[in-house]
1. Connecting C-alpha atoms closer than 10 Å in a GNM of the chain, tell me which of LEU31, LEU61, LEU43 has the biggest fluctuation.
2. May I ask you to list the GluC sites (Glu not before Pro) in segment 1-56 that are in a DSSP loop and have at most 14 other Cβ atoms within 10 Å of their Cβ?
3. Could you tell me which label, among (1) 12.1; (2) 16.1; (3) 12.5, carries the value of Kirkwood radius over Cα pairs in Å calculated for this structure?
4. Please identify every one of the chymotrypsin sites (Phe, Trp or Tyr not before Pro) in the chain that sits in a loop by DSSP and has no more than 15 other beta carbons within 10 Å of its own beta carbon.
5. Hey, fewest Cβ within 10 Å first, where do VAL48, VAL30 land in order?
6. Which residues in segment 1-28 have a backbone N closer than 12 Å to a point placed 7 Å from the Cα of ASP34 along the Cα-to-Cβ line?
7. For the chain, what does the relative contact order come out to in percent, with C-alpha contacts under 8 Å and a separation of six or more?
8. For the chain, what is the mean residue ellipticity at 222 nm derived from helices alone (per DSSP H run of n ≥ 4: -39500 (n - 2.57); sum divided by total residues; nearest 500 deg cm²/dmol)?
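We did not get these values from a lab; they are worked out from the coordinates using the rules stated. Being a predicted model, the structure only gives us computed values, none of them experimental. Backbone-built Cβ (ideal geometry, glycine too); neighbour counts: all protein chains shown.
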Amino acid sequence: MPLDIKEIADKADMIVNGYAFTRDGEYIRVLNLDYLNHAAVILNDRVVETNMDDIETQIALDYYEKNKRFMEE
């Protein structure tokens, strides 16, 4: 079953420059909406799991750090 970009975007707590950030308990799930096979998991402001390369991982983490105050609780 393919991923539905609209459904993912609708459920996201925040979207920054094509990255969807979704709160899942204490974790933040990150998905690149342009490349749906690029994902990461953030815990305590650190990436704990990813299949992104190092540069993309840092970009996603920077977007999160700069904008996390806008995520709905």
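1. Per the Cα network of the chain with a 10 Å cutoff, LEU43 tops the list.
2. GLU26
3. Read-out from the structure maps to (1).
4. Those satisfying the criteria are TYR35.
5. VAL48, VAL30
6. 17-19
7. This gives 20 percent for the chain.
8. -8500 deg cm²/dmol
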